[in-house]
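Remarks on the structure that follows.
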Amino acid sequence: MTDKPTLLLDAPALGGLKRRLEADYEVLCLWEQPDLDAFLSGGGQRVRAIIGGGEKTDTRLIEGLPNLGLIARIGSGYEGVDVPHARAHGVQVTNTPGVNADDVADLALALLLGLVRGVDAGDRMVRAGAWTRSHRGDARPSMKGLKVGVLGLGDIGKATAERAEAFRSEVRWWGPRPKPDVSWPRVESLPALADWCDALVICARADASNAKLIDGAVLDAVGANGVVVNITRGSIIDEDALIERLKDGRLGGAALDVFETEPTPAARWEGVPNTLLTPHIGGNTRGAIQAMVAMALENVRAFLAGEPVPNAVPD
């Protein structure tokens, strides 16, 4: 037993935080609890805050931890938390908005460049000995003049648009709410954006309203010469429809850092052409991780001190 406040880490990826936090807190790890019911009736009774690393928060935790008052998410996304349910049980939810936007946007452009210019395909050609004096691969589009459609113009979307513009690509965007303070044109609808663009870059925050928003019809509008890049959440794309269209050539290519299920099964992508896949590394930089953790811990400190939390998620 300890008089330190008790925190619960919810994901193995946060294991490295335990030693750092133990000077000031009792730290429990959810993944080390073999029996959830036993945990809820035992050590869970002391938990004041959950530090979340992206895992879905089981509503049983919210209902079964009597002293829980805060779920502090590391990252901008919080779709894994049923926020109304948490608030109904007296639990605040915070996130770390905007901290990793530049890093995620950097990866969006890296994936877009890699896909459009065939970097990965070129690497495989060289390694396979297929590069000859008469053949070095098909000619690829230029980034200059490429029509880049950005879905969602929050912090990540804006940073992505700025980077695409630096390559002299043409940028337009769509989102549910106009943003009169930006210079890039907003098209009238998502289908119109998909029909216009050469590359659709998904920068929207996931929630219940946009699950599988990028469906077969949108992918068909992007078309056989177009590509899709996703660096926010896999739930926004109908992944089965995406794979089907990549295999039959109705979609030109896809670069994905996020997936419907994570980790995504390797077998799911076997034989799927024109893809560039990374393991959800958009915000995985030293600077972004340090800043996100610091912001999450400040939310925890403020909550335990009885102060307003700095980064409560919106209603």
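Tabulated values for the structure
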item: Neighbourhood net charge (12 Å Cβ-Cβ; Lys/Arg +1, Asp/Glu -1) for Leu153; result: +3
item: Area projected by the alpha carbon convex hull of the chain, averaged over all directions, nm²; result: 18.5 nm²
item: DSSP loop GluC sites (Glu not before Pro) with at most 15 other Cβ within 10 Å: longest gap in the chain; result: 23-187
item: With Cα atoms, 0 to 90° folded angle of helix 286-304 axis to the chain main axis; result: 30 degrees
item: With 5 Å bins from 0: P(r) over region 101-277, alpha-carbon pairs, percent; result: 2, 8, 18, 22, 22, 14, 8, 4, 2, 1, 0
item: Long pairs among Lys56/Lys247; Lys18/Lys158; Lys179/Lys212; Lys158/Lys247; Lys56/Lys179; Lys144/Lys212, criterion Cα-Cα beyond 27 Å; result: Lys56/Lys247; Lys18/Lys158; Lys158/Lys247; Lys56/Lys179; Lys144/Lys212
item: Residue order, fewest to most surrounding Cβ atoms within 10 angstrom, among Asp181, Asp10; result: Asp181, Asp10
item: Residues Ile289, Ile71, Ile281 arranged by fewest to most Cβ contacts within 10 Å; result: Ile281, Ile289, Ile71
item: Packing-based exposure ordering (other Cβ within 10 Å, fewest first) of Arg48, Arg19, Arg140; result: Arg19, Arg140, Arg48
item: For region 101-277: relative contact order, % (alpha-carbon pairs under 8 angstrom, 6 or more apart); result: 20 percent
item: Between helix 239-248 and the chain: long-axis angle, C-alpha atoms, 0 to 90°, nearest 10; result: 20 degrees
item: Percent antiparallel among DSSP beta bridges (both partners in the chain, rounded to 5); result: 5 percent
item: Ordering of 85-91, 102-108 by burial proxy (mean other Cβ atoms within 10 Å per residue, highest first); result: 102-108, 85-91
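Throughout, read-outs are computed from the coordinates displayed, never taken from laboratory work. Keep in mind the model is a prediction, meaning the values are calculated, not measured. Note that we place each Cβ from the backbone using ideal geometry, even for glycine, and neighbour counts take in every protein chain shown.
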